[in-house]
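The values are calculated or read from the model by the stated rules, or taken from the named source; none is laboratory data. The model shown is predicted, which means the values in this text are computed figures rather than measured ones. FYI the Cβ positions are ideal-geometry reconstructions off the backbone, even for glycines, and counts take in every protein chain you see. For the accessible areas, the whole protein counts, side chains as well, though only heavy atoms, and no ligand, DNA or RNA atoms are used. Shrake-Rupley method; radii C 1.70, N 1.55, O 1.52, S 1.80 Å.
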Amino acid sequence: MSRAERLLSLMQQLRLNHYPVSGAVLAETLGVSLRTLYRDIASLQAQGAKIEGEAGLGFVLRPGFTLPPLMFTVEEIEALALGAKWVAHRADSGLGDAANHALSKIAAVLPAELRFELDSAALLIGPSFHQGDSDETLHLIRAAIRHEMKLDLLYMDAKQQASHRLIWPCALAFFDQVRVIVAWCETRQAFRHFRVDRIQSVLSMDERYPKRRQALLKAWRETEGIPAQGRGA
């Protein structure tokens, strides 16, 4: 749980109780230490939350404090809706569901006029010619990238020649018709690109590769002559 999520959860716990709740109970509910809890309460108080109480007596949230609504421009709303639709249509079902859930969470805290813009966004995603890869395979690949784990592939190249590859996956590119893994290949001792639809079998080695994913991506960009990109690229 990120710190932002923890602060939101703390606010929710305080809202649910109309009487003082001890720090020990709150800390246990959130799975944090008392020291962390007291620091989080101080942070919320500094942002204007009317949390009263102290250690040993308990804490209570007085009525009247709400988190500020998310504010976006209309173009930002259109960008969010378009991006979520693209993910829902082009990625695996896990990412598609996550995109829809994220939009629902955003919609829940938007002012009414912006919620209407989100629900009625007129930017559409065209049909895809991609036949679809296994959700299980894509989930395994994304997990390996996230946790910096090695993958063992049985891979069929464009010449229909099969080979075993031990790779360090550092990125997954979603094109309209194919998905491509960017990885350091131990077998070839170089960066290689692997089309997901040509993978015959894949196994997570349950072994971290020795470099950080960000370092691999930087080295790959330098090798390919690709300039560094902004957030989310």
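Take the Cβ-Cβ distance between residue 15 and residue 135 as r, set R0 to 35 Å, and report the resulting FRET efficiency rounded to the nearest 0.05.
The value I calculate is 0.40.
The chain: Rg/Rh from Cα coordinates, Kirkwood Rh? Let's see the in-between values first.
Numbers: Rg = 23.3 Å, Rh = 21.5 Å.
Radius of gyration relative to Kirkwood radius: 1.08.
Let me see the P(r) profile for the stretch 96-187: every Cα-Cα distance counted, bins of 5 Å, each bin given as a percent of all pairs.
2, 10, 14, 18, 15, 11, 11, 8, 5, 4, 2, 0
For the stretch 36-116, what is the charge dipole size about the Cα centre, in debye to the nearest 20, if Lys and Arg each add +1 at the Cβ and Asp and Glu each add -1 at the Cβ?
120 debye
Ignoring everything except DSSP H segments at least 4 long, calculate the 222 nm mean residue ellipticity for the chain; use -39,500 (n - 2.57) per segment, divide by total residues, nearest 500.
The helix contribution divided over the chain gives -14000 deg cm²/dmol.
Excluding ligands, DNA and RNA, what is the solvent-accessible area per residue of the chain at a probe of 1.4 Å, expressed in Å²?
On the way: 14450 Å² over 233 residues.
On a per-residue basis, 62 Å².
Using a simple spin-label model with points 7 Å from Cα along the Cα→Cβ vector, what separation in nm is obtained for residue 124 and residue 74?
2.0 nm
Report the label-to-label distance for residue 6 and residue 28 in nanometres (one decimal), using points 7 Å from each Cα along the Cα→Cβ vector.
It is 1.9 nm.
State the percentage of accessible surface on the stretch 68-177 attributable to carbon and sulfur atoms; use a 1.4 Å probe and exclude ligands, DNA and RNA.
60 percent
Given 0.36 nm per residue, what is the gain on full extension from residue 211 to residue 42 after removing their alpha carbon distance, in nm?
So the chain would gain 57.1 nm between residue 211 and residue 42.
About the Cα centre of the chain, how large is the charge dipole given +1 on each Lys and Arg Cβ and -1 on each Asp and Glu Cβ? Please answer in debye to the nearest 20.
Once rounded to the nearest 20, the dipole reads 700 debye.
Per 10 Å bin, what percent of the C-alpha pairs of the stretch 1-106 does each bin hold, from zero upward?
All Cα pairs considered, the percentages come to 13, 35, 23, 21, 8, 0.
Net charge near residue 91: determine it from the other residues with C-beta under 15 Å of the C-beta of residue 91, scoring Lys and Arg +1 and Asp and Glu -1.
Within the 15 Å Cβ shell, the charges total -2.
Roughly how big is the stretch 111-214's charge dipole about its Cα centre, with Cβ charges of +1 (Lys, Arg) and -1 (Asp, Glu), in debye to the nearest 20?
It works out to roughly 620 debye.
Using the Cα centre of the stretch 36-117 as origin and beta-carbon charges of +1 (Lys, Arg) and -1 (Asp, Glu), tell me which of 81, 49, 60 is placed farthest towards the positive end of the dipole.
60
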